Amino acid sequence: MAQIKRIECQLEIKSSADKFFDAYKTKAQLMPKMANQVVRDVKLVEGSGWDSEGSVRQWYFVAGGKLINTNM
C-alpha cells in the first residue's frame, strides 16, 4: 500500500525553478549537490532509471538536526 508523506522546507538555490524541478523529477541523484542543506542522499531502490515511471527512490533529509529517510 502506498504511503503519502509531506515534507516542507525552504532553501536558497542558485538556479531557475524550472531547472530545479527538472532535476528533482528526472535527475534526483543530483539533489544532494543542489540542496545539501536539506537533502543528504538519494538512492534508486526500484526501477530501470531515475526518470522511469514507477521508480522508487529513498531520500535522506535533514530536519531539525536529525536525519530522516523516506521512500518516494
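Side notes on the structure shown:
- Order of exposure, largest accessible area first, which applies to GLU53, GLU46, GLU8 with probe 1.4 Å: GLU53, GLU8, GLU46
- Considering only alpha-carbon pairs that sit under 8 angstrom and 6 or more positions apart, the relative contact order computed for the chain is 20 percent.
- In this view, the solvent-accessible surface of VAL62, computed with a 1.4 Å probe and all protein chains in place, comes to about 40 Å².
- For the chain, the solvent-accessible area of protein heavy atoms averages 80 Å² per residue (probe radius 1.4 Å; ligands and nucleic acids excluded).
- For the stretch 18-61, the carbon plus sulfur part of the accessible surface works out to 48%, probe radius 1.4 Å.
- Summarising the amide proton neighbourhood of ARG40: residues at separation of 5 or more, or on other chains, whose placed amide H is nearer than 5 Å comprise TYR60, PHE61, VAL62.
- When the residues TYR24, TYR60 are ordered by accessible surface, computed with a 1.4 Å probe over the protein chains alone, the sequence from largest down reads TYR24, TYR60.
- Ordered by solvent-accessible area of protein heavy atoms (1.4 Å probe), largest first, the residues SER15, SER48 come out as SER48, SER15.
The values are calculated or read from the model by the stated rules, or taken from the named source; none is laboratory data. In this text the structure is predicted, and so the values were computed from the model without any measurement. These accessible areas exclude ligands, DNA and RNA; they are computed on the full protein's heavy atoms, side chains included. Shrake-Rupley method; radii C 1.70, N 1.55, O 1.52, S 1.80 Å.
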